[in-house]
Amino acid sequence: MEEPGTVYFTGTAGAGKSSFVRAFAEWMKSTGLDTTVVNLDPGIEGDDLQPDIDIREWVRLSDLQEEYGLGPNGAQVAAADMIALKIFEVRQAVQELKSDYVLVDTPGQVELFAFREASKAIVDALSGDRSVLAFLFDPALARTPGGFVSLLLLSANVEFRFRLPTVNVLAKADLLSPAQLADVIAWSDQPDVLEEAVGRDTPTPDVQLSTELLRAISTMSPSTSLLPTSAKESTGMEPFYQACQRVFGGGDDVEPSHAASNE
Ligand SMILES: Nc1nc2c(ncn2[C@@H]2O[C@H](COP(=O)(O)OP(=O)(O)OP(=O)(O)O)[C@@H](O)[C@H]2O)c(=O)[nH]1
Ligand SMILES: [Mg+2]
């Protein structure tokens with residue numbers, strides 16, 4: 001059997017990762033696509049995500065804090081390394097479900113996922129080459145040119161760490177006005193429009209820095225096009241699916257309805 005296609009959802013704290021995973025999983029299921037949801041965040045409270053496989057079965061942030069007298073950040077760091085020790089058990093649970101797609105929600109703070117060595121081992125063990133990173137842009141930051149560039153840099157940074165194909169997603173697009181949304185999409189599609197917006201927005205000494213940074217980003221990842229989505233309104237799900245599918249399928253689009261009729 002072919003390995004499932006695995007999508008790791010990452011982004012700044014509160015960007016909307018868990019909500020998006022849940023909405024996308026529901027969309028996939030309603031389309032007849034077979035999906036497993038994995039929660040790798042040991043710190044979530046509550047059950048909004050409703051994962052099929054939950055790291056909290058093995059590693060729980062509150063237990064670590066109590067047992068070792070750690071603060072929330074210390075416990076997160078300890079947890080990140082403990083998750084790596086349990087990852088083969090998680091992998092076995094994923095394999096038993098035999099889904100075509102695996103959606104992985106990652107810890108709230110992006111650096112816990114992106115900047116710990118353990119995370120690379122986790123991704124290697126869970127999915128190897130059939131992996132995509134979805135980097136979620138929070139509209140609270142993405143709506144200003146400076147915030148947008150910061151998120152592009154962060155996304156490029158995460159991509160550089162994992163060396164995996166990355167799809168940039170605008171989360172919570174329903175929170176932006178049509179004009180704001182049009183701006184953000186234009187910045188993502190047309191580097192010169194972004195460069196101009198940054199120039200208008202920042203004092204002179206910063207322009208050179210921004211310009212150089214923007215050039216570096218566009219050299220690194222030629223396609224920075226952002227996909228607008230909303231978990232609240234369940235929009236943008238199919239384009240996101242198609243973007244992942246292009247990575248997994250090496251370029252071919254697969255219509256979800258077609259995939260469903262092959263069940
Ligand atoms: N309007 C709107 N709000 C959203 C949407 N998605 C998430 N939110 C809200 O944004 C906040 C954060 O959402 P989460 O899904 O918990 O974000 P997260 O990235 O998983 O957060 P952490 O894991 O805590 O870092 C919550 O208050 C959600 O209700 C959306 O599509 N539209
Ligand atoms: Mg979350």
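Quick look at the values:
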| item | result |
| --- | --- |
| Any chance residue 32 is over 14 Å from the mean Cα position of the chain (by Cα), among the small types (Gly, Ala, Ser) and away from ligand 1 (no atom under 11 Å from the Cβ) | yes |
| Sole residue being at pLDDT below 95, among the aliphatic types (A, V, I, L, M) and under 26 Å from residue 5 (Cα atoms), chosen from 149, 193, 158, 207 | 158 |
| Given (1) over 30 Å from residue 234 (Cβ atoms); (2) within 14 Å of the chain's Cα centre (by Cα), number of the condition residue 165 does not satisfy | (1) |
| Members of region 54-113 found to be away from ligand 2 (no atom under 14 Å from the Cβ), touching a residue at least 12 places away in the same chain (Cβ under 8 Å) and outside any helix (DSSP H, G or I), listed by number | 58, 59, 60, 98, 99, 100, 101, 102 |
| Candidate set from region 164-185 (those that are away from ligand 1 (no atom under 11 Å from the Cβ) and assigned to a loop (DSSP other than H, G, I, E, B)); member that is farthest from residue 127 (Cα to Cα) | 177 |
| Subset of region 1-33 [part of a helix (DSSP H, G or I), more than 16 Å from ligand 2 (Cβ to nearest atom) and crowded, with 20+ Cβ neighbours inside 10 Å] | 27, 28 |
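Residues are listed down the side, and each one gets a yes or a no for (1) more than 16 Å from ligand 1 (Cβ to nearest atom); (2) free of Cβ contacts under 8 Å to residues at least 60 places away in the same chain; (3) over 23 Å from residue 176 (Cα atoms):
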{"residue": "117", "(1), (2), (3)": "yes, yes, yes"}
{"residue": "130", "(1), (2), (3)": "yes, no, yes"}
{"residue": "134", "(1), (2), (3)": "no, no, no"}
{"residue": "154", "(1), (2), (3)": "no, no, no"}
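The values are calculated or read from the model by the stated rules, or taken from the named source; none is laboratory data. Remember, predicted model here, so these are calculated numbers, not experimental data. Note: ideal-geometry Cβ built from the backbone for every residue, glycine included; neighbour counts use all protein chains shown.
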